[in-house]
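Asks: Below you'll find the structure I mean.
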Amino acid sequence: MFRIAAHSFGAPDQVLSLETADRPLVERGQVLVRMRASPINPSDLIPVTGAYRHRTALPFIPGFEGVGVVADVGEGIDPVLIGRRVLPLGTAGCWQSWKTLPADWCVTVPEDLDDDEAATAYINPLTALLMVRRLAPKPGDRIGVTAAGSAIGRMLIRMLAARGARPVGIIRSFAARQSISTECAEVVEEGCSLPALDSGLDAAGGAPGTLLGAAIKPGGLLLHYGLLSGQPLSHAGQASMTLFRLRDHVHAMPREAFHNAMSECFSEIRTGRASSLIEASYPLEAFRAALAHNRSSGRRGKIMLRMQPYT
Ligand SMILES: NC(=O)c1ccc[n+]([C@@H]2O[C@H](COP(=O)([O-])OP(=O)(O)OC[C@H]3O[C@@H](n4cnc5c(N)ncnc54)[C@H](OP(=O)(O)O)[C@@H]3O)[C@@H](O)[C@H]2O)c1
């Protein structure tokens, strides 16, 4: 039984290490989940660097989403949950063999979704769903999407197109252009001039985000939700800019609304709009190779960490 933990902040490949982990005791109101799979997302690595050190306790175990099986329940929780496949959400800590959490943050996984679909059903699908809902595009609206070849960029393009909007995918690599060529009618390279846009979704910040903001018509909305370029967004256009963070929304939602939103994510995965490509899988113990693969250029899908099967 293992866990990947950081005992200090720094570069993930330097401060994360593999540790053995004992099966924890489950407390009242909690469930104990035997983890099966968890992807590497950008949001897992940012806290390791110390970017949010004021709210990140050490040791920090990354992994904001994943799938596992309920192994035990604490006092007050129905034992019928034992053996059920669930997403243990709401906190980090999916990169380990065992995760304990409050029972009401466990989302039961429908049987028709496989482990890879389940493990990637939360962070990007729910963010994309909520942001598209927030934009409320009208048919024909032109909406710019930076980092359009990223997993969430592709979900946004598919969801916008399904609502009759016209996504404009902004990409920086040939591989990204290839990955969205069948899904996005209009693709523009970073730095090239953009058409007039009704609104925009930015995961890059820096120059691409700034150019996107400048192309949005006065009164349009720019949702800024990521900083892949590592540079802040300097928005001086006439669009109104709003920062979007998934955790602000899910922690403020009544838990029933959260479970309903996850059901919508499962439906979006079934349609293919919120599905993620998996490029490779590694055992949890091989997390260093997995991190190196995750950093490689031209990567076109998620890197999945897998835990030893339950024996
Ligand atoms: N705010 C929130 O609540 C929230 C929720 C979910 C995701 N996000 C953010 O969304 C972003 C994408 O996440 P993901 O899981 O979809 O990522 P991902 O697919 O795992 O990888 C990001 C991809 O974006 C491209 N990229 C990297 N740096 C870029 C840059 N400077 N400009 C343009 N493209 C770049 C890379 O493709 P190429 O090398 O081919 O360009 C890379 O494959 C991240 O910043 C993440 O933190 C935010």
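Asks: Going out from 0 in 5 Å bins, what whole percent of all Cα-Cα distances in region 1-123 drops into each bin?
Replies: 2, 12, 22, 22, 19, 14, 7, 2, 0
Asks: Determine the sum of side-chain charges near residue 308: Lys and Arg each +1, Asp and Glu each -1, restricted to other residues whose C-beta is under 14 angstrom from that of residue 308.
Replies: So the environment of residue 308 carries a net charge of +3.
Asks: Straight-line reach from residue 99: which lysines fall under 22 Å, measuring Cα to Cα and dropping same-chain residues less than 8 apart?
Replies: 302
Asks: Something else now. With both partners inside the chain, how many of the DSSP beta bridges are antiparallel, as a percent to the nearest 5?
Replies: Within the chain, antiparallel bridges account for around 50 percent of the total.
Asks: Continuing with this model, one more query. Kindly express, to the nearest 10 degrees and within the range 0 to 90, the angle between helix 151-162's C-alpha long axis and the longest C-alpha principal axis of the chain.
Replies: Roughly 60 degrees, rounded to the nearest 10.
Asks: Counting other Cβ atoms within 10 Å, keep those with at most 13, restrict to DSSP loop, and tell me which GluC sites (Glu not before Pro) in region 234-311 are left.
Replies: Qualifying residues, ordered by number: none.
Asks: On a straight-distance basis, which lysines could pair with residue 217 in a cross-link, Cα separation under 18 angstrom, same-chain partners fewer than 8 positions away excluded?
Replies: 138
Asks: Now, a different point. How big is the gap, in Å, between the Cα center of region 239-262 and the Cα center of region 17-68?
Replies: Cα centroid of region 239-262 versus Cα centroid of region 17-68: 21 Å apart.
Asks: Order the peptides 153-159, 176-182, 191-197 from the highest to the lowest mean number of other Cβ atoms within 10 Å of their residues.
Replies: My ranking of the peptides, most packed first, is 153-159, 176-182, 191-197.
Asks: Sorted from largest down, give the three principal axis spans of the alpha carbons of region 124-247, whole angstrom values.
Replies: 33, 31, 29
Asks: Now, a different point. Over the residues of the chain, compute the C-alpha Rg and express it relative to 2.2 N^0.38 Å.
Replies: Working it through for the chain, the quotient is 1.01.
Asks: Show me the trypsin sites (Lys or Arg not before Pro) within region 1-71 that DSSP assigns to loop and that have at most 16 other Cβ atoms within 10 Å of their Cβ.
Replies: Those that pass, being in a loop and sparsely packed, are 28.
Asks: Distance from the Cα centre of region 132-187 to that of region 92-116, in angstrom?
Replies: 29 Å
Asks: A follow-up question, please. Jot down the per residue volume, in cubic angstrom and as a whole number, of the convex hull over the alpha-carbon atoms of region 98-159.
Replies: 139 Å³
Asks: Further question: Any chance you could run the full-extension gain for residue 18 through residue 51? It's 0.36 nm times the residue separation minus the Cα-Cα distance, nm to one decimal.
Replies: Result: 9.7 nm gained on full extension.
Bear in mind that the values in this text are calculations on the coordinates, not laboratory data. Computed from a prediction, not measured in an experiment: that's the story for all the values here. A quick note on method: Cβ atoms are made from the backbone with ideal geometry, for glycine too, and the neighbour counts reach across all protein chains shown.
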